[in-house]
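Q: Structure provided below as C-alpha cells; questions to follow.
The values are calculated or read from the model by the stated rules, or taken from the named source; none is laboratory data. Because the structure is a prediction, the values reported are computed rather than measured. FYI the Cβ positions are ideal-geometry reconstructions off the backbone, even for glycines, and counts take in every protein chain you see. Quick note on the areas: whole protein, heavy atoms, side chains included, nothing else; ligands and nucleic acids left out. Shrake-Rupley method; radii C 1.70, N 1.55, O 1.52, S 1.80 Å.
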Amino acid sequence: YEKISSKSIIFSHGSDGCIKNIFEAFLNKDQKVITLSPTFAMYDIYPKIFNLKHIKFNYESSKNTPYLNLDKLIKKIRLEKPKLLCIANPNSPTGTIIGRVKLIKLIKVCYKLKCNILIDEAYYGFCKETSKNLVKKFNNIFIVRSLSKAWGLAGLRLGYIISNKKNI
C-alpha cells in the first residue's frame, strides 16, 4: 500500500503508540520539544511523562481560519534548538494544512539544527498531502499514520511510522 521498503516502516499500537515510541527512542530528559497548539492532546502528555522541556507554539487568529506563522515558528526553532518538532498535518482540531513548500522549508531548518521532525499524518486519508517521499532525502523525518481515521479501524489500534531505515 505505501510502496516503500519494509525497512522504512514499523507498526505500533495506534498512532498514539508511534508518537510515544519516537519520544521514548529519540529524546532524553530535559531536551526541548516544540509542539503546535492546539493539536492532538497527547502532545501535551508525552513531554511531561519523559521530563522534557515543552514549548508550545500557538496558531494565530485570522479572519477565516487559524494561521501558522511559519517565519515566527522558524525563529522559535532557531532560538530554542529543540530535539524534536511535532506537527500534525493536517492538524486536528484546526483542520489546517501546511503546504509542501512551507513544510520543506521547515524540514530544512530542522535538518540543519539536528532537530527531528515528527509529522503526524493521522488524517492523511482525508487530504492526501504527505511528506512520505521526503524520508529518503532527510534523515530527520518521522511520518506517523493511523488506521483509525480514514480506514475506520479504530478498534484495531494500529498505527505506523515511516522513516529512513536507520531510524526504524
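Q: Just to be sure I understand, how many residues within region 76-88 are aliphatic (A, V, I, L, M) and open to solvent by 60 Å² or more (accessible area, probe 1.4 Å)?
A: 1
Q: Give the number of residues within region 5-23 that are closer than 28 Å to K72 by Cα and open to solvent by 30 Å² or more (accessible area, probe 1.4 Å).
A: Residues flagged as closer than 28 Å to K72 by Cα and open to solvent by 30 Å² or more (accessible area, probe 1.4 Å) within region 5-23 amount to 2.
Q: Suppose we keep only residues that are polar (S, T, N, Q) and free of Cβ contacts under 8 Å to residues at least 24 places away in the same chain within region 55-70. Which one would you say is least open to solvent (accessible area, probe 1.4 Å)?
A: Across region 55-70, the extreme among qualifying residues is N69.
Q: Inspect all residues belonging to region 108-117 and state whether any of them is at pLDDT 95 or above, in a loop (DSSP other than H, G, I, E, B) and basic (K, R).
A: yes
Q: For region 146-165, indicate whether the set of residues that are open to solvent by 30 Å² or more (accessible area, probe 1.4 Å), in contact (Cβ under 8 Å) with a residue 40 or more places away in the chain, of a type in the set (V, I, T) and under 24 Å from F11 (Cβ atoms) is non-empty.
A: no
Q: Consider T35 carefully, then state whether it is of a type outside the set (A, V, I, L, M, F, W, C) and within 16 Å of the chain's Cα centre (by Cα).
A: For T35, the condition - of a type outside the set (A, V, I, L, M, F, W, C) and within 16 Å of the chain's Cα centre (by Cα) - is met.
Q: Of these, L73, L52, which one is under 20 Å from K20 (Cα atoms) and surrounded by 14 or more Cβ atoms within 10 Å (Cβ to Cβ)?
A: L52
Q: Still on this model: Residues that are closer than 19 Å to L134 by Cβ: find the helices (runs of 4 or more DSSP H) completely inside region 4-102 holding 1 or more of those.
A: 14-26, 70-80
Q: Quick check on K137: is it free of Cβ contacts under 8 Å to residues at least 24 places away in the same chain, open to solvent by 90 Å² or more (accessible area, probe 1.4 Å) and closer than 27 Å to F50 by Cα?
A: no
Q: Might you let me know whether region 89-100 holds any residue that is surrounded by fewer than 12 Cβ atoms within 10 Å (Cβ to Cβ), touching a Pro at 6+ places or on another chain (Cβ under 8 Å), in contact (Cβ under 8 Å) with a residue 40 or more places away in the chain and on the phi < 0 side of the Ramachandran plot?
A: Yes, the conditions are met somewhere in region 89-100.
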